[in-house]
Amino acid sequence: MHARVLGSAAGGGFPQWNCACPNCSALRRGDRRLAARTQDSLAVFARDDAAVLCNASPDIARQIEAATVLRPRARRHTPIHAIVLTNGDLDHVLGVFSLREAPPLAIYATASVKTASLARFTGQAVWRDLALDRDVELFGPAGEPTDISVRAFALPGRTPGPEDNVGVRLTCGRTGKRIVYAPRASYATPEIGDDADVLLFDGTFWSNDELVRLGCGTATARDLGHLPIGGREGSLALLATCRARRKIYTHVNNTNPVLRYESREQIEVERAGWDVAEDGLEILP
Ligand SMILES: [Zn+2]
Ligand SMILES: [Zn+2]
């Protein structure tokens, strides 16, 4: 099994069109310590002809062009067989609209993600249920095998229901390798990734009051359902004993100082054994 980070930024991307925070401004000035990022999505493959996407961002068309392995191999073709949605946030689902030229896509989502925000995709999608805490084998729209199974687990936070926001554990049917993907999490316990080869975790904000302090908003990280990375109650501390072989922060907001190479925060994350995802990062569990 292998995976490719298609996009590693939180909603809005990096730079964000209406943002002049220190990171966005520095990137526009050409600061080489920063790299542009598209919005969060992960492609996972157990076989090269069958891609499973975790979330579909508004940047999907650009992300497909940038990834040789996702390009069409016939006049009308896509290796994308299934899309797994972790919640109904627009930055995770809008990409489905951009894929409407294809035959219906197989979309896996919990009942509440489907009904809350996605009834609009009727006719364009073959919906399949993502039950919590159960391994579900993933197939393309016409039953094409992907050799990947997924287990969704509840990550409640800003939204009340257990099915409104989930993390997913993807298992390779051939090798047994596991990737855990949790781009929005309001809490963390080490067990979330203890049995994973790779853990991709919510790296949206460094601190709880980041948006407020930078004058970019009034909501805290926790208001928005995101556990910050830093601090005594942050994910870096809470996941310090997590036994995942590799730990990667993704879904990073443009305001997060961890985006700048050699910032104090980026060094702290690296010293703790974590990586910060970049667009195009190839992962071999
Ligand atoms: Zn998001
Ligand atoms: Zn910004």
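Some points to look at:
- Index of the failed condition, Gln16 passing every other in (1) in a strand (DSSP E or B); (2) within 16 Å of ligand 1 (Cβ to nearest atom); (3) not β-branched (Val, Ile, Thr): (1)
- Residue in segment 195-215 that is at pLDDT 95 or above, more than 30 Å from Ser149 (Cβ to Cβ), more than 16 Å from ligand 1 (Cβ to nearest atom) and touching a Leu at 6+ places or on another chain (Cβ under 6 Å) present: no
- Within this structure, Val180 passes the test of being in contact with a Gly (Cβ under 6 Å, 6 or more places away or on another chain) and not in a loop (DSSP other than H, G, I, E, B).
- Residue match in segment 42-51 (condition: of a type outside the set (Ser, Thr, Tyr) and more than 30 Å from Ala154 (Cβ to Cβ)): yes
- Taken over segment 248-273, the residue count meeting the criterion of being more than 16 Å from ligand 1 (Cβ to nearest atom), under 17 Å from Cys24 (Cβ atoms) and in a loop (DSSP other than H, G, I, E, B) is 3.
- Residues of segment 147-167 satisfying the condition of being surrounded by fewer than 21 Cβ atoms within 10 Å (Cβ to Cβ) and part of a strand (DSSP E or B): Asp147, Ser149, Arg151, Phe153, Ala154
- Residue check for Phe45: more than 16 Å from the chain's Cα centre (by Cα), aromatic (Phe, Trp, Tyr) and either surrounded by fewer than 18 Cβ atoms within 10 Å (Cβ to Cβ) or within 21 Å of Val180 (Cβ to Cβ) (or both): no
- Filter result for Val96 (closer than 18 Å to Asp135 by Cβ, within 15 Å of ligand 1 (Cβ to nearest atom), buried (at least 17 other Cβ atoms within 10 Å of the Cβ) and β-branched (Val, Ile, Thr)): no
- In segment 19-42, residue farthest from the chain's Cα centre (by Cα) [restricted to those that are away from ligand 2 (no atom under 13 Å from the Cβ) and in a strand (DSSP E or B)]: Gln39
- Selection of segment 239-269 for residues being surrounded by fewer than 18 Cβ atoms within 10 Å (Cβ to Cβ) and more than 16 Å from ligand 2 (Cβ to nearest atom) yields Ala240, Thr241, Arg243, Arg245, Arg246, Tyr261, Glu262, Arg264, Ile267, Glu268.
- Contacts under 6 angstrom Cβ, first residue in segment 36-49 being at pLDDT 95 or above and more than 12 Å from ligand 1 (Cβ to nearest atom), partner among the hydrophobic types (A, V, I, L, M, F, W, C) and part of a loop (DSSP other than H, G, I, E, B), 6 or more apart: Ala46/Met1
- Test for Glu278: is it within 16 Å of ligand 2 (Cβ to nearest atom) and of a type in the set (Asp, Glu): no
- Of all residues in segment 62-93, those that are more than 16 Å from ligand 1 (Cβ to nearest atom), out of contact with any strand residue (DSSP E or B) (no Cβ under 7 Å at 6 or more places or on another chain) and without any contact (Cβ under 8 Å) to a residue 60 or more places away in the chain total 12.
The values are calculated or read from the model by the stated rules, or taken from the named source; none is laboratory data. Here the structure is a predicted model, which means the values were calculated and not measured. Every residue, glycine among them, receives a Cβ derived from its backbone with ideal geometry; neighbour counts consider all protein chains shown.
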